[in-house]
Amino acid sequence: MFELLKEDAGARRGRLTLPNGVVQTPIFMPVGTQATVKSMTAAQIHDCNAQIILSNTYHLNIRPGSALVERLGGLHKFMGWNKPILTDSGGFQAFSLSKLRKITEDGITFKSHLDGAKLFISPESCIQIQKELGSDIRMVLDECIPYPCEKSACQKSVERTIRWAQRCLKAHQDLPQDGKMTFAIVQGGVYDDIRQDCAKALAQLDFPSYAVGGVSVGEPEEEMLKQVAASTQFLPKNKARYVMGVGTPRQLLRMIALGADMFDCVMPTRLARHGNAFTTRGIINLKNAKYKEDESPIDESVKSYASNFSKAYIRHLVVANEILACTLLSIHNTAFFLQLMQEARTHIEIGDFHAWSKNWIANYDSGE
RNA sequence: GGUUGGGUAUCCAAGUGGCUAAAGGGCGCGGACUGUAAAUCCGUUCAUCGUAGAUGUUCGUCGGUUCGAAUCCGACCCCCACCA
């Protein structure tokens, strides 16, 4: 259940109540595709103030299999995470693994990227798999359209995504109503009118909540924000709005201003593993020689377990290719994103989100 | 002392007459990354001129053969293995 608590110049402060806990929005969800937020323990994720994490239907169904996860007590127990989990449907893999799949009206047939085994995911089985995994939020099967995409092809794809959403909704309604939610996904590529039609059609279906998909697939940032705006404005106010797969700190703040409530992105954890850290003055690359003797923590204003260490030490770990570098930077970056969301919530409550966010972005863009 | 094999750029290593400033790696330096086939990928890495390109100095050392040598010849210095 989603409750809208306050609005401030387009930004929304909300509360999502799920079987495994309450999520305060706006919120960022760390990505744990394979039932792990890479390099972090559940306790560490928790200490970064994560309220909900994301996992993936396609990956978990290929390995270890949703039936096994169910037998072992569900995803929460399996991975030792007792707060909410959102599972993505595998629709994005239709995009990222486009060479390994075939889409028909029935669903998506994948050729496993691990062993070539055939895996068919239909709208119905997609919901069933996510039910077996036990996630708090399930995503409908959608087709993430590449960029660029010709308009008529986009239109046809979106129509199918809507039909799939209807089938997913039916599958969702056939399951016990235990507080678990299923989100529909607005697609439409760069075409505002298609996005508008899609959002309206899905809104009519009265899903528990909604997502905006198909963004940040190669289009410029302004285009991406335009797509989000074109989608969110036609979604019901009393439902959560999750923008999938994004974004940078700047994008997050700007999307919050467009009325988005939830986000996920691999960026903080992936960049961490690649030696980069987010700071209030932009991204820094710890591999750079200039940090060799830097005794200060990554960012004085971001508190996490990683604050205990100097840039010089973390740089050493990165350069030496030590596993701990991945962990410490993932902790830092995850805490950074979640702290940003906490501040955003606070400023929406205060009522100065716009001014604060403008100032925050200016500082972020100013560089070191 | 003898017999083999070997000494190539910061390290490992290919190259046995011209297409070689010299393959590949590593290290170093820099960059990319957005619902994770990603602890990955890309660039760069002798010196000087901003890049293109040009010039200079290189393949243990010294000398030689040749129009031309990292590559052939001689001497010498090191290293490894085996023999004694």
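General observations
- Cα-Cα P(r), the stretch A:20-77, percent of pairs per 5 Å interval: 4, 17, 25, 24, 18, 9, 2
- Value of D in µm² per second that Stokes-Einstein yields for the stretch A:254-368, Kirkwood Rh from Cα pairs, at 20 °C (1.002 mPa s): 145
- Charge tally in the Cβ shell below 14 Å around residue A:357, where Lys, Arg are +1 and Asp, Glu are -1, residue A:357 excluded: +1
- Crossing angle, helix A:353-365 versus chain A [Cα axis fit, 0-90 degrees, rounded to tens]: 60
- Across the stretch A:326-367, the volume of the C-alpha convex hull divided among the residues equals 54 Å³ per residue.
- Each residue of the stretch A:123-133 is assigned a 3J(HN,Hα), and the resulting list reads x, 5, 5, 4, 5, 4, 4, 5, 5, 5, 5 Hz, derived from the Karplus form 6.51 cos²θ - 1.76 cosθ + 1.60 (θ = phi - 60°), x at Gly and Pro.
- Share, in percent, of DSSP beta bridges within chain A that are antiparallel, nearest 5: 50
- Calculated FRET efficiency for the pair residue A:72/residue A:47, C-beta based, R₀ 35 Å, to 0.05: 0.90
- For the residue pairs A:118/A:287; A:38/A:118; A:38/A:99; A:38/A:180; A:151/A:200; A:118/A:156, the C-alpha atoms sit more than 30 angstrom apart in A:118/A:287.
- Theoretical FRET efficiency, 1/(1+(r/R0)^6), r = Cβ-Cβ of residue A:274 and residue A:24, R0 35 Å, to 0.05: 0.70
- The stretch A:127-176 versus the stretch A:322-359: alpha-carbon centroid distance in Å: 30
- Within straight-line cross-link reach of residue A:6, lysines at Cα separation under 16 Å, skipping those fewer than 8 residues along the same chain: A:237, A:239
- Taking 0.36 nm per residue of separation and subtracting the Cα-Cα distance, full extension of the segment from residue A:96 to residue A:287 would add 65.9 nm.
- Extension reserve of the residue A:9-residue A:34 stretch, reckoned as 0.36 nm per residue once the Cα distance is removed: 5.3 nm
- Each peptide in A:226-235, A:340-349 receives the mean, over its residues, of other Cβ atoms within 10 Å, and ordering these scores from highest gives A:226-235, A:340-349.
- Note that the stretch A:91-103 has calculated 3J(HN,Hα) couplings of x, 5, 5, 5, 8, 6, 10, 4, 6, 10, 9, 9, 10 Hz, one per residue in order, obtained from phi through the Karplus relation 6.51 cos²θ - 1.76 cosθ + 1.60 (θ = phi - 60°); glycine and proline are x.
- In chain A, helices alone account for a calculated mean residue ellipticity at 222 nm of -12500 deg cm²/dmol, with every DSSP H run of four or more residues adding -39,500 (n - 2.57).
- Label-reachable residues, the stretch A:334-357, where backbone N falls under 15 Å from a point 7 Å from residue A:250's Cα toward its Cβ: A:357
- Based on the Stokes-Einstein relation at 20 °C and a viscosity of 1.002 mPa s, and on the Kirkwood radius from alpha carbon pairs, the stretch A:132-212 is assigned a translational diffusion coefficient of 165 µm²/s.
- Nonpolar atom fraction for the stretch A:31-80, defined as the carbon and sulfur part of the 1.4 Å probe accessible area, stands at 52 percent.
- Stretch gain in nm, segment residue A:301-residue A:151, where the contour uses 0.36 nm per residue and the Cα spacing is subtracted: 49.4 nm
- Cβ-based charge dipole, the stretch A:283-368, positive-most Cα from A:326, A:364, A:337: A:326
- Measure of compaction for the stretch A:251-319 (Cα Rg per 2.2 N^0.38 Å): 1.26
- Counted charge near residue A:180, where neighbours are those whose Cβ lies closer than 10 Å (Asp, Glu -1; Lys, Arg +1): 0
- Summing Cβ point charges (Lys, Arg +1; Asp, Glu -1) relative to the Cα centre of the stretch A:191-267 gives a dipole of roughly 280 debye.
- 15 Å beta-carbon shell around residue A:326, net charge (K/R +1, D/E -1): +4
- Legend: calculated FRET efficiency, residue A:222 to residue A:63, from the Cβ-Cβ distance at R0 = 30 Å, rounded to 0.05, equals 0.20.
- Within a straight-line Cα-Cα reach of under 16 Å, residue A:226 can be paired with the following aspartates and glutamates, leaving aside sequence neighbours fewer than 8 residues apart in one chain: A:192, A:193, A:197.
- Ligands, DNA and RNA are left out, and with a 1.4 angstrom probe the accessible area of the stretch A:213-269 is 28 Å² per residue.
- Ranking A:116, A:161, A:130 by how far each Cα lies toward the positive end of the dipole of the stretch A:110-174 (charges on Cβ) leaves A:161 at the top.
- Bins of 5 Å, starting at 0 and running to the largest distance - Cα pair percent for the stretch A:51-95: 6, 22, 30, 25, 12, 5, 0
- Cα-based radius of gyration of chain A once divided by 2.2 N^0.38 Å, which approximates compact folds: 0.96
- 5 Å-binned pair-distance histogram of the stretch A:195-301 (Cα, whole percent): 2, 11, 20, 18, 15, 11, 8, 7, 4, 2, 1, 0
The values are calculated or read from the model by the stated rules, or taken from the named source; none is laboratory data. Keep in mind that what you see is a predicted model, and the values were worked out from it rather than measured. Positions of Cβ are generated from backbone atoms using ideal geometry, with glycine treated the same way; all protein chains shown enter the neighbour counts. With ligands, DNA and RNA removed, areas are computed over all heavy atoms of the protein, side chains included. Shrake-Rupley method; radii C 1.70, N 1.55, O 1.52, S 1.80 Å.
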